[in-house]
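The values are calculated or read from the model by the stated rules, or taken from the named source; none is laboratory data. Quick caveat, the model's predicted, so the values are computed rather than measured. Note that we place each Cβ from the backbone using ideal geometry, even for glycine, and neighbour counts take in every protein chain shown. For the accessible areas, the whole protein counts, side chains as well, though only heavy atoms, and no ligand, DNA or RNA atoms are used. Shrake-Rupley method; radii C 1.70, N 1.55, O 1.52, S 1.80 Å.
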Amino acid sequence: MKINIYGSTGEIGKKTLSIISKNFPNIKVNLLCANSSVNLIYKQIKKYNPKYVYLSDIKSSNKLRALVKSDVNILSYSELNVYLKNSVSDLSILAIAGYKSLYFIDQIVNNTKNLGLVSKEVIVSAGHIFKKKNYFKKTNIIPIDSEHYSLFDYLSYTNSFKKIKTVTLTASGGPFYKKKYSSLKNVSFKEASQHPKWKMGYKNSIDSATLVNKCLEVIEAHYLFNIPYNKINILIHPEAIVHSIVEKNNYVTNLNLFKNDMSIPLLNFFILSHLKPKIINKNLELKIDSSYNFHKVKYENFPIYNYFVKLDKSNPSNLIKFNIGNEYAVNMFKLNKIKYTDIYRIIKKVGSLNLYSSLNTINSIIKYHEEIEKRIKILFKNNI
């Protein structure tokens with residue numbers, strides 16, 4: 001079996017490669033894609049010997065070409081497109097941060113038999129296109145996010161969400177869930193990036209601290225499982241063991257829980273792709289030996305969530321602006337150009353941009369992203 005990994009140098013990509021190495025010796029690592037991490041992907045090339053590699057950053061790609069002496073094919077953007085159009089892979093993991101994975105989503109869906117979907121932005125920006133283009137019928141899409149995997153697992157036994165009253169996604173609340181947002185003006189990037197339960201990249205960690213991550217996951221749940229927004233709730237659950245809660249119309253509520261380790265959804269992706277793990281990892285078994293707490297979201301602690309609740313989510317452009325505004329704000333925070341509390345201000349300002357697009361094709365969505373990014377540069381040129 002062959003696997004393509006989009007985002008191999010991120011936390012999910014690295015964990016996927018580790019799982020393959022330990023559990024699935026018959027899987028051949030075929031393609032590794034990343035942005036600019038030359039040193040790390042060079043190590044991955046030496047260890048996993050992929051046939052193809054792609055770095056989206058051109059300078060980094062040229063550096064890698066100078067380093068690699070083996071028969072690995074370092075692909076350009078156009079070469080990757082051609083390769084994906086003319087080949088088939090058994091397995092793919094899509095874990096690229098940001099909307100850039102939209103550039104390849106058509107080819108990836110058509111190229112692979114089993115797709116492990118991690119990239120939130122693909123669903124957030126183009127979830128309304130997924131059904132239109134029959135993506136769910138073209139490939140076996142398995143969500144890898146813990147919350148969505150827990151719902152996917154639940155659905156595999158119940159076959160329907162029709163008898164469900166509400167679905168609740170849980171959030172750890174990040175490092176500041178007990179503090180008012182207004183008191184966090186001077187928190188550092190390092191403090192905001194230290195997730196209390198999950199080991200994630202800085203973007204997901206910051207998004208967890210602001211609760212943007214959960215807002216994006218609400219959109220994902222809506223598109224992946226066809227659940228109306230008014231049936232999806234959020235609760236703060238600091239222990240991060242219960243990943244979703246399903247309340248049924250018959251007064252029975254199901255808590256979907258497993259250890260807070262992304263190895264579990266990833267392992268199950270391979271198992272659902274008809275592969276058997278080489279070893280049984282007892283460290284992943286959950287011991288229910290502690291109490292679990294749940295808290296309602298306080299809007300004064302998470303004003304971005306309050307803004308999201310009121311947002312007209314039936315209009316895809318609002319979801320895209322919310323996502324892009326947050327991406328821009330998090331990057332500015334990382335560069336120390338804004339305060340942590342400015343993230344909310346920027347999201348609101350970008351959300352107020354008036355820009356029309358039909359958004360009925362992947363290309364139109366990509367162009368809309370690019371136009372919004374241009375507007376943002378003008379909007380904040382002299383007023384970060």
* To do: Tell me which residues, restricted to region 75-113, are among the β-branched types (Val, Ile, Thr) and touching a residue at least 12 places away in the same chain (Cβ under 8 Å).
  => VAL88, ILE93, ILE96, ILE105, ILE108, VAL109, THR112
* Structure fact -> Scanning region 4-25 residue by residue, the ones that are over 15 Å from the mean Cα position of the chain (by Cα) and more than 21 Å from LEU284 (Cβ to Cβ) total 1
* Which residues, taken from region 262-278, are part of a loop (DSSP other than H, G, I, E, B) and buried (at least 18 other Cβ atoms within 10 Å of the Cβ)? -> MET262, SER273, LEU275
* Asked: Any residue in region 156-171 that is under 28 Å from GLY13 (Cβ atoms), surrounded by fewer than 19 Cβ atoms within 10 Å (Cβ to Cβ) and over 20 Å from the mean Cα position of the chain (by Cα)?
  -> yes
* Among the residues of region 178-196, how many are open to solvent by less than 90 Å² (accessible area, probe 1.4 Å), in contact with a helix residue (DSSP H, G or I) (Cβ under 9 Å, 6 or more places away or on another chain) and polar (S, T, N, Q)? -> 2
* Does at least one position in region 317-326 carry a residue that is in a loop (DSSP other than H, G, I, E, B) and of a type in the set (S, T, N, Q)? -> no
* Structure fact -> Looking across region 16-69 at residues that are closer than 21 Å to SER263 by Cβ and among the small types (Gly, Ala, Ser), the single one that is surrounded by the fewest Cβ atoms within 10 Å (Cβ to Cβ) is SER18
* Out of the residues in region 81-104 that are surrounded by fewer than 21 Cβ atoms within 10 Å (Cβ to Cβ) and of a type in the set (A, V, I, L, M), which is nearest to SER119 (Cα to Cα)? -> ALA97
* Structure fact -> Taking region 96-140 and the residues there that are assigned to a helix (DSSP H, G or I) and of a type in the set (Ser, Thr, Tyr), the one that is nearest to PHE270 (Cα to Cα) would be TYR135
